[in-house]
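These notes are about the structure you will find just below.
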Amino acid sequence: MEETTGLTPLRVLPSPAAIGDYLAEQLLQRFEHARRLGKRFLLGCPTGRTPRPIYEEITRHQRDLSHVVLVMMDEYVPSSGEPWSCHAFAQRHMSWNAEVWFPDPNDPAAYDQRIADAGGIDFFLLASGATDGHVAFNQPGAARDSRTRVVPLSEATRRDNLKTSPAFGSLENVPPHGVTVGIATIAAAREAAMVVWGESKRLTLQRIRAADRYDPAWPATVIHECPIREIVCDKDSRHPERSEGSSVLC
């Protein structure tokens, strides 16, 4: 399998709100272009704290997104619509008139086929775990050719998710498994942006930037495999001794 390597652009913005403004504008332009062409637009979506400023800005614009498909990355297993579930997150933070897809833990392989039948993912928003670099529920060691599947969740991932969703209450309430799109599923998107903000994400930004291709030890490095890609971060996630700029190359 041919792998895309080389430099990934890094855009440094002053705050999470600025990241939300920038990426929402980029996506709304792409949504509108697809609408004018009479095409569906498939957007790969994470849940959690990282994408909230983007979703809030898209919501604020109140556009007709009936031609957009939100291809959600993952869900806990088991999950029955609890307030911490990815389904509940989408209902709270992505209340658009868009179609929403979730992978089925009982038939995960069907998700990749559904995506392929729809023409593939146009743009994938990505976020990284702070302490182990997980992306979606792909844990360290995830294979480059992995597809949608059910996986066990490491304690590091579950602790990250507990911080994201205090509704869990305690670590023992975070489910031990999840259904997730694979690394190959993500890398097949036409475009992708890895979003990183906050001091807690300094380690993951450093690890991503230290690589130039997918490193299974840090799954968020999948961004380097996407054909058109960008890392978008805020100044707090940069290493404190580095000078700030509006745009540099990773």
- Listed by chain and number, the lysines with an alpha carbon less than 28 angstrom from that of Lys201, same-chain partners under 8 positions apart left out, are Lys163, Lys235
- Note on the structure: Heavy-atom accessible area of Val150, protein chains in place, probe 1.4 angstrom, given in Å² to nearest 10, is 60
- Normalised contact order of the chain, rounded percent, pairs of Cα under 8 Å and 6 or more residues apart: 28
- Message: I need the Debye-formula profile for the range 1-121: one equal scatterer per C-alpha, no solvent, reported as log10 I(q)/I(0) at q = 0.09, 0.10, 0.12, 0.15 1/Å, two decimals.
- Response: -0.29, -0.36, -0.52, -0.81
- Just the accessible area for Arg159, please: 1.4 Å probe, Å², rounded to the nearest 10? 120
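What whole-number value in cubic angstrom gives the convex hull volume per residue for the C-alpha atoms of the range 145-241?
Working: hull volume 11.3 nm³, N = 97.
Output value, Cα hull per residue: 116 Å³.
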- Message: Semi-axes of the equivalent ellipsoid for the range 65-138, please: Cα gyration tensor eigenvalues, times 5, square-rooted, ordered largest first, whole Å.
- Response: 19, 16, 15
- Task: With a 1.4 Å probe and every protein chain kept in, tell me what percent of the accessible surface of the chain is carbon plus sulfur.
- Result: 48
- Theoretical gain in end-to-end length, Asp236 to Glu199 [0.36 nm per residue, Cα-Cα removed]: 12.8 nm
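For the full complex of protein chains and a 1.4 angstrom probe, list Asp212, Asp132 by accessible area with the highest value first. It would help to have the intermediate numbers written out before the result.
Values: Asp212 75, Asp132 15 Å².
From most exposed to least exposed: Asp212, Asp132.
Could you give the accessible area per residue of the chain, probe 1.4 Å, as a whole number in Å²? Present the calculation step by step, with values, prior to reporting the outcome.
Values: 11050 Å² over 250 residues.
Accessible surface, normalised per residue, equals 44 Å².
If you build the Cα gyration tensor of the chain and take the root of 5 times each eigenvalue, what three semi-axes come out, in whole angstrom, biggest first?
On the way: eigenvalues 109, 100, 73 Å².
Computed over the chain, the values are 23, 22, 19 Å.
Could you rank the peptides 79-92, 115-128 by their average count of other C-beta atoms within 10 Å per residue, with the highest value first?
Working: 79-92: 15.9, 115-128: 20.4.
For the peptides 79-92, 115-128, the packing ranking is 115-128, 79-92.
The values are calculated or read from the model by the stated rules, or taken from the named source; none is laboratory data. Just so it is clear, the model here is predicted, and its values are computed rather than measured. Note that we place each Cβ from the backbone using ideal geometry, even for glycine, and neighbour counts take in every protein chain shown. With ligands, DNA and RNA removed, areas are computed over all heavy atoms of the protein, side chains included. Shrake-Rupley method; radii C 1.70, N 1.55, O 1.52, S 1.80 Å.
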